[in-house]
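What follows is a single structure, written as structure tokens, with notes after it.
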Amino acid sequence: MHEPQLQGREQQAAWTSPDPLVSIYPGFSSHRLQREGADLFWLSAGSGPPLLLLHGYPQTLAAWHAVADRLKDRFSLVIPDLRGYGRSLGPAPDANHEAYSKRSMAEDAKAMMQVMGYERFAVCGHDRGGRVAYRLALDHPETVSDLIVLDIVPTLDMWDRMGMAGALRSYHWLLLAQPKPLPERLIGADPIYYLNHLVGRWKGVKAVLDPRAMQDYEQSYCQPSVIEACCEDYRAGATIDRLNDLADREAGRNIACDVLVIWAAQYLNSQSPLATWQHWAASVRELRLDCGHFIAEEEPDATAWAIRDFLLPSSSSGNQSE
């Protein structure tokens, strides 16, 4: 893989040499696409049916490295940085936060897959990437064959049920959604501390994330443009994303494809999100894993096997060491 060339709106050359992705994604190809003021970056490898993997906050595409290694023999993988995160340069923010809405990010995902030659594909998203994934399934049902979401409920449900305990536990939803420049300045004062605070708060009790992935997250998150994009992502979540979900709920619009929900018992306090997702889709199954929020990194074998079993059930042999 060629080391990515960083360029665009106020982007700092933050990645040291050698680039962390070179060692954790050996043999992957890198790609770029410019659209709507964004400069999108992604990796691809593998063979078989197409599968799009979308990371969450405060991470980068490095989050999928262990799962990708276990899936590339069965799937054609496309693994992007969300707009504004990592090596994907984001557009300038707008007053309505549409530039960082999940609808805009879903359009990015569709465009990247079309560049790769895929008109219909499975999508798997964790955290914020899960919100992009289900928005893609709602907005473009003709493109999404199967949907997998990791450790989330839909944005509208998240806000509806937050309450005092939820607000204390998920305080970052409220902090990052505050008007500019308050959260940018607070986080920007010591971004590496804040990143590690979040990772420590959300990971499992015995989890250790790959130091190469952590290096990538830190080098991304120390950039002012990335901090701004993350805040805009959450501002969109508190405004336009919530309204888009509400419009779908009121219109009775549901997810048409089969859905798999993988959730972390240590992160969700053993409270299954299955019933919530059943309000959004007719066909939903769940998998509970005893880990923290970073499911793909904490339980890569179980996660990869669940994805393979869900998308390629005829290939399952019952032997997870295959």
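The values are calculated or read from the model by the stated rules, or taken from the named source; none is laboratory data. Keep in mind that what you see is a predicted model, and the values were worked out from it rather than measured. We place every Cβ from the backbone using ideal geometry, glycine too, and count neighbours over all the protein chains shown. Please note that ligands, DNA and RNA were not included when accessible areas were found on the heavy atoms of the full protein model with its side chains. Shrake-Rupley method; radii C 1.70, N 1.55, O 1.52, S 1.80 Å.
The test for being farther than 30 Å from Pro179 by Cβ and polar (S, T, N, Q) holds for Ser30. Have a look at Arg169, Arg161 and point out the one that is open to solvent by 30 Å² or more (accessible area, probe 1.4 Å), at pLDDT below 95 and more than 18 Å from Asn244 (Cα to Cα). The match here is Arg169. If the Cβ limit is 6 Å and pairs must be 6+ apart or interchain, which residue in the stretch 50-75 that is charged (D, E, K, R) pairs with which residue that is modelled with pLDDT under 95? The qualifying pairs do not exist here. Checked against (1) within 22 Å of Gln59 (Cα to Cα); (2) not in a loop (DSSP other than H, G, I, E, B); (3) not hydrophobic (A, V, I, L, M, F, W, C), Asn244 passes all but a single condition, namely (1).
Do you know which residues across the stretch 84-108 are part of a loop (DSSP other than H, G, I, E, B) and under 17 Å from Lys180 (Cβ atoms)?
Initially, the stretch 84-108 is screened for residues part of a loop (DSSP other than H, G, I, E, B), giving 84-88, 90-97, 101.
The answer is Gly84, Gly90, Pro91, Ala92, Pro93, Asp94, Ala95, Asn96, His97, Ser101.
Considering Leu150, Leu182, Leu176, Leu138, which residue is surrounded by fewer than 21 Cβ atoms within 10 Å (Cβ to Cβ) and of a type in the set (A, V, I, L, M, F, W, C)? Outline the logic, then answer.
Values: Leu150 fails: surrounded by fewer than 21 Cβ atoms within 10 Å (Cβ to Cβ); Leu176 fails: surrounded by fewer than 21 Cβ atoms within 10 Å (Cβ to Cβ); Leu138 fails: surrounded by fewer than 21 Cβ atoms within 10 Å (Cβ to Cβ).
Only one candidate qualifies: Leu182.
Scanning the stretch 270-281 for residues that are open to solvent by 20 Å² or more (accessible area, probe 1.4 Å) and at pLDDT 95 or above returns Ser272, Leu274, Ala275, Gln278, His279. For the stretch 200-223, the candidate set comprises residues that are of a type in the set (S, T, N, Q) and assigned to a helix (DSSP H, G or I); within that set, the residue that is surrounded by the fewest Cβ atoms within 10 Å (Cβ to Cβ) is Gln215. Filtering the stretch 109-121 for residues that are in contact with a His (Cβ under 8 Å, 6 or more places away or on another chain) and open to solvent by less than 10 Å² (accessible area, probe 1.4 Å) leaves a non-empty set.
Ala236 - would you say it is within 20 Å of Asp81 (Cα to Cα) and either crowded, with 20+ Cβ neighbours inside 10 Å or under 19 Å from the mean Cα position of the chain (by Cα) (or both)? Considered against the rule, which asks whether it is within 20 Å of Asp81 (Cα to Cα) and either crowded, with 20+ Cβ neighbours inside 10 Å or under 19 Å from the mean Cα position of the chain (by Cα) (or both), Ala236 comes out as yes. When restricted to residues that are in a loop (DSSP other than H, G, I, E, B) and within 22 Å of the chain's Cα centre (by Cα), the stretch 179-199 contains 0. Condition check for Ile152 on (1) assigned to a helix (DSSP H, G or I); (2) modelled with pLDDT of 95 or more; (3) not small (Gly, Ala, Ser): one failure, at (1). Hey, can you tell me all the residues within the stretch 252-299 that are assigned to a loop (DSSP other than H, G, I, E, B), aromatic (Phe, Trp, Tyr) and under 18 Å from the mean Cα position of the chain (by Cα)? Tyr267, Phe294 - these are the residues of the stretch 252-299 that are assigned to a loop (DSSP other than H, G, I, E, B), aromatic (Phe, Trp, Tyr) and under 18 Å from the mean Cα position of the chain (by Cα). Restricted to the stretch 21-42, and to residues that are crowded, with 19+ Cβ neighbours inside 10 Å and out of contact with any Pro (no Cβ under 8 Å at 6 or more places or on another chain), which residue is nearest to Gly292 (Cα to Cα)? If we take residues in the stretch 21-42 being crowded, with 19+ Cβ neighbours inside 10 Å and out of contact with any Pro (no Cβ under 8 Å at 6 or more places or on another chain), then Ile24 is nearest to Gly292 (Cα to Cα). Tally the residues that are assigned to a strand (DSSP E or B) and of a type in the set (D, E, K, R), restricting the search to the stretch 19-46. The number of residues fulfilling the criteria is 3.
Scanning the stretch 109-137 for residues that are in contact with a Phe, Trp or Tyr (Cβ under 7 Å, 6 or more places away or on another chain) and either in a helix (DSSP H, G or I) or among the hydrophobic types (A, V, I, L, M, F, W, C) (or both), which turns out nearest to Met158 (Cα to Cα)? Step through it out loud before you land on a result.
Looking only at the stretch 109-137, we keep the residues that are in contact with a Phe, Trp or Tyr (Cβ under 7 Å, 6 or more places away or on another chain), and these are 112-113, 127-128.
Filter once more, keeping what is either in a helix (DSSP H, G or I) or among the hydrophobic types (A, V, I, L, M, F, W, C) (or both): 112-113, 128.
Numbers: Met112: 28, Met113: 29, Arg128: 12 Å.
Applying the filter and picking the extreme gives Arg128.
Checking each residue in the stretch 245-285 for being in contact with a helix residue (DSSP H, G or I) (Cβ under 7 Å, 6 or more places away or on another chain) and closer than 12 Å to Ile152 by Cα picks out Leu260, Val261, Ile262, Ala264, Tyr267, Thr276.
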